[in-house]
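Input: a single structure, listed below in structure tokens.
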């Protein structure tokens, strides 16, 4: 199988396209490919092409686009994962796995029990890191779409946006068993989804009662039966469960 590379400027067969620096270095320094090598490139917006390496230097590479080819199909339901930012590097794994599972976008949120602020995330350029991880995961799993990594927002800013969204999308907030009397098991939901959906996952320490109440007022709150799952796996488990119910698998 030919190596795949992210080329956001790729648009049509016959174009000569320069790879981004990280991708060019992977091609030349890691894989040690040269002129004439057959590769595949995708633009992150759904298009993938056969391509041939035309020019390389130590840090640069240009490819000539060939015919378009079929990439891994996107899910019929565009699901955004709104994930409370986790400690250490755990969020990296969440982004990697959500992209692999087919998430359409990832919205980092900062909650009461999140151990980092929005300002700290911006200063540390965490979004840039997560975008690189999303590209790498898309390359690995065969997607030609790179999900959007949105700017991190505070929960109190995020939650008012949910109620209007429920008019056209399925919006689900996962809570711990017993956290809210209004919560229902995920399996009790209607299996017919909207065209778009969002799942909202909390931090390691769980939601505060005030956050649960805000979620109840803004969207549907659900549980995974009587089990309490770790925050770093809840997103991928939720995506898997929903895509299975919606017959994506």
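The values are calculated or read from the model by the stated rules, or taken from the named source; none is laboratory data. Only a predicted model underlies this, so the values are computations on that prediction, with no experimental measurement involved. Quick reminder, even Gly has a Cβ in these numbers, built from the backbone with ideal geometry, and neighbours come from all protein chains shown.
Just one of (1) at pLDDT 95 or above; (2) closer than 30 Å to residue 207 by Cα fails for residue 7. It is (2). Within the option set 235, 215, being buried (at least 18 other Cβ atoms within 10 Å of the Cβ), touching a residue at least 12 places away in the same chain (Cβ under 8 Å) and under 18 Å from the mean Cα position of the chain (by Cα) holds for one residue only, 235. Residues in the range 44-76 that are closer than 26 Å to residue 96 by Cβ, crowded, with 18+ Cβ neighbours inside 10 Å and modelled with pLDDT of 95 or more: 44, 47, 48, 49, 51, 61, 63, 75. For the range 43-66, the count of residues that are free of Cβ contacts under 8 Å to residues at least 60 places away in the same chain, assigned to a strand (DSSP E or B), closer than 24 Å to residue 128 by Cβ and within 25 Å of the chain's Cα centre (by Cα) is zero. Within the range 123-154, the set of residues being in a strand (DSSP E or B) and surrounded by 18 or more Cβ atoms within 10 Å (Cβ to Cβ) comprises 145, 149. Any residue in the range 100-108 that is free of Cβ contacts under 8 Å to residues at least 12 places away in the same chain and surrounded by 13 or more Cβ atoms within 10 Å (Cβ to Cβ)? Checking the range 100-108: not a single residue is free of Cβ contacts under 8 Å to residues at least 12 places away in the same chain and surrounded by 13 or more Cβ atoms within 10 Å (Cβ to Cβ). Count of the range 87-122 residues, restricted to those that are assigned to a helix (DSSP H, G or I), farther than 24 Å from residue 159 by Cβ and over 14 Å from the mean Cα position of the chain (by Cα), is 0.
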